[in-house]
1. Consider only pairs whose beta carbons are under 9 Å apart and that are at least six residues apart or on different chains; among these, list those whose first residue lies in segment 36-51 and is more than 10 Å from ILE4 (Cβ to Cβ) and charged (D, E, K, R) and whose second residue is open to solvent by less than 70 Å² (accessible area, probe 1.4 Å) and in a loop (DSSP other than H, G, I, E, B).
2. Considering segment 1-25 alone, what residues qualify as being surrounded by fewer than 12 Cβ atoms within 10 Å (Cβ to Cβ), modelled with pLDDT of 90 or more and either in a strand (DSSP E or B) or among the aliphatic types (A, V, I, L, M) (or both)?
3. With the requirement that a residue be open to solvent by less than 60 Å² (accessible area, probe 1.4 Å), outside any loop (DSSP other than H, G, I, E, B) and not β-branched (Val, Ile, Thr), what does segment 26-49 give you?
Amino acid sequence: TPVIVYHLTAPLETKVLAELKDYMDSFEGITRVATEGNQITLHFKQATTNEMIYLFIQRMEMLYIYRNSKSQ
């Protein structure tokens, strides 16, 4: 599927969500990133393999989600 929805277990600050959105938008394989409430929606250019999705999610979690949820 070209659309993945990631559900946050804890809310992130607006600034962190904006930084995450900008970062994920910078990848060529992603056409659009939307953040609404406790979910992040990633729109890929084409259907993507589970392995590729995992890499995007892992990077997003390490750089923005886990790091910022621990500091709150």
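1. Listed pairs, sorted by first residue: LYS45/PRO2; LYS45/GLY29.
2. VAL5, HIS7
3. Of everything in segment 26-49, those that are open to solvent by less than 60 Å² (accessible area, probe 1.4 Å), outside any loop (DSSP other than H, G, I, E, B) and not β-branched (Val, Ile, Thr) turn out to be ALA34, LEU42, HIS43, PHE44.
The values are calculated or read from the model by the stated rules, or taken from the named source; none is laboratory data. Being a predicted model, the structure only gives us computed values, none of them experimental. With ideal geometry, Cβ positions are generated from the backbone for all residues, glycine too; neighbour counts draw on all protein chains shown. The accessibility values were calculated without ligands, DNA or RNA, using every heavy atom of the protein model including side chains. Shrake-Rupley method; radii C 1.70, N 1.55, O 1.52, S 1.80 Å.
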